[in-house]
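Here the structure is laid out as structure tokens; the discussion comes afterwards.
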Amino acid sequence: MSVSEQLQQVRQRIANACQSAGREPHSVELLAVSKTKPLSMLLEAYDQGQRQFGENYLQDALEKIEANPHDDIIWHFIGAIQSNKTKTIAENFAWVHTLEREKIARRLSEQRPAHLPPLKVCIQVNISEETAKSGVSLAELPNLAAIVNELPKLELVGLMCIPAAQQTEAVQRQAFVAMAAALRQLQQHYPQCQTLSMGMSGDLELAIDEGTTMVRIGTDIFGARAPKPA
Ligand SMILES: *Cc1c(COP(=O)(O)O)cnc(C)c1O
């Protein structure tokens, strides 16, 4: 199937899931995760109206950002952030979904170019409490949120999670429910936080059922990926 056919199918799944959940179809945004995929495939999605793209690997992303002919693509960084990469991220992306450390937050704010609007950031929550995984715990979240909120060139917009893989549906649902509750709490202090970045190819329906506002879909739009680049 072509990228445009797969994109149509994903849009239909989102619409169906919104309907079963009793939600407005436009209450869920689609982030097309194009990591490791060639620019030609992104442009096929662009031609079908897709504007938001997510990338994980900086070098791979930069090549596409620089070669892409359009100026209205919204680039989201959704990968692990090393501190020597913050400048490039701050200069080239509109969003970061994977913020989890104060030091990285401060660098991103300092390095965000003055002529660009503040970088939109979601704090990543390690909702399944996996020891080797990224993200802050729910206990650490208020402290990091307060720091991010004070940084002039960052705009705290919400939360993101990648729940543990291969869980039962009940366990996955529990993680999404906990994220939605965490966002509601955050909104009491920071009402501008309206984004819940959760749900991928395998669990987008469940995420929509539990209140996600942005699903991040790679495989089901662009096909399976080769192992990550070195
Ligand atoms: C790769 C990736 C996705 C997309 O996952 P699929 O299962 O291919 O849809 C979503 N979010 C993050 C953070 C990713 O790294």
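The values are calculated or read from the model by the stated rules, or taken from the named source; none is laboratory data. Bear in mind that the values here come from a model prediction, so they are computed numbers and not experimental data. A quick note on method: Cβ atoms are made from the backbone with ideal geometry, for glycine too, and the neighbour counts reach across all protein chains shown. The protein model used for the area step is the full one, side chains on, heavy atoms only, and it has no ligands, DNA or RNA in it. Shrake-Rupley method; radii C 1.70, N 1.55, O 1.52, S 1.80 Å.
Output the residue which, of all residues in region 17-28 that are part of a helix (DSSP H, G or I) and touching a residue at least 40 places away in the same chain (Cβ under 8 Å), is farthest from G199 (Cα to Cα). Steps first, please.
So the first thing to find is which residues in region 17-28 are part of a helix (DSSP H, G or I), and the list is 17-21, 25-27.
In the following step, the residues that additionally are touching a residue at least 40 places away in the same chain (Cβ under 8 Å) were identified as 17-18, 20-21, 27.
Values: A17: 12, C18: 13, S20: 16, A21: 15, S27: 14 Å.
If we take residues in region 17-28 being part of a helix (DSSP H, G or I) and touching a residue at least 40 places away in the same chain (Cβ under 8 Å), then S20 is farthest from G199 (Cα to Cα).
Scan region 70-81 and give yes if some residue there is buried (at least 16 other Cβ atoms within 10 Å of the Cβ), part of a helix (DSSP H, G or I) and not charged (D, E, K, R), otherwise no. Show your work before the answer.
Initially, region 70-81 is screened for residues buried (at least 16 other Cβ atoms within 10 Å of the Cβ), giving 73, 75-79, 81.
Within this subset, residues satisfying the condition of being part of a helix (DSSP H, G or I) are none.
No, region 70-81 has no match at all.
Working carefully through the options E150, E129, find the one that is on the phi > 0 side of the Ramachandran plot and of a type in the set (D, E).
Working: E150 fails: on the phi > 0 side of the Ramachandran plot.
The unique qualifying residue is E129.
Among P152, P142, which is more than 13 Å from the ligand (Cβ to nearest atom), outside any helix (DSSP H, G or I) and more than 15 Å from the chain's Cα centre (by Cα)? Give the derivation first.
Numbers: P142 fails: outside any helix (DSSP H, G or I).
Going through P152, P142 in turn, the sole match is P152.
Taking region 101-120 as the search range and keeping residues that are within 26 Å of T36 (Cα to Cα) and not in a helix (DSSP H, G or I), which one is least open to solvent (accessible area, probe 1.4 Å)?
Within region 101-120, the match that is least open to solvent (accessible area, probe 1.4 Å) is L119.
Would you pick out the residues in region 11-33 that are out of contact with any Asp or Glu (no Cβ under 6 Å at 6 or more places or on another chain) and more than 23 Å from W75 (Cβ to Cβ)?
Here is the first cut: in region 11-33, the ones out of contact with any Asp or Glu (no Cβ under 6 Å at 6 or more places or on another chain) are 11-16, 18-20, 22-33.
Result: Q12, R13, A15, N16, C18, Q19, S20, G22, R23, E24, P25.
Looking at (1) in contact (Cβ under 8 Å) with a residue 60 or more places away in the chain; (2) β-branched (V, I, T); (3) open to solvent by 50 Å² or more (accessible area, probe 1.4 Å), which is the only condition T98 fails?
(3)
Does region 10-33 hold any residues that are farther than 14 Å from A207 by Cβ and either more than 13 Å from the ligand (Cβ to nearest atom) or at pLDDT below 95 (or both), and which are they?
R11, Q12, A15, Q19, G22, E24, P25, H26
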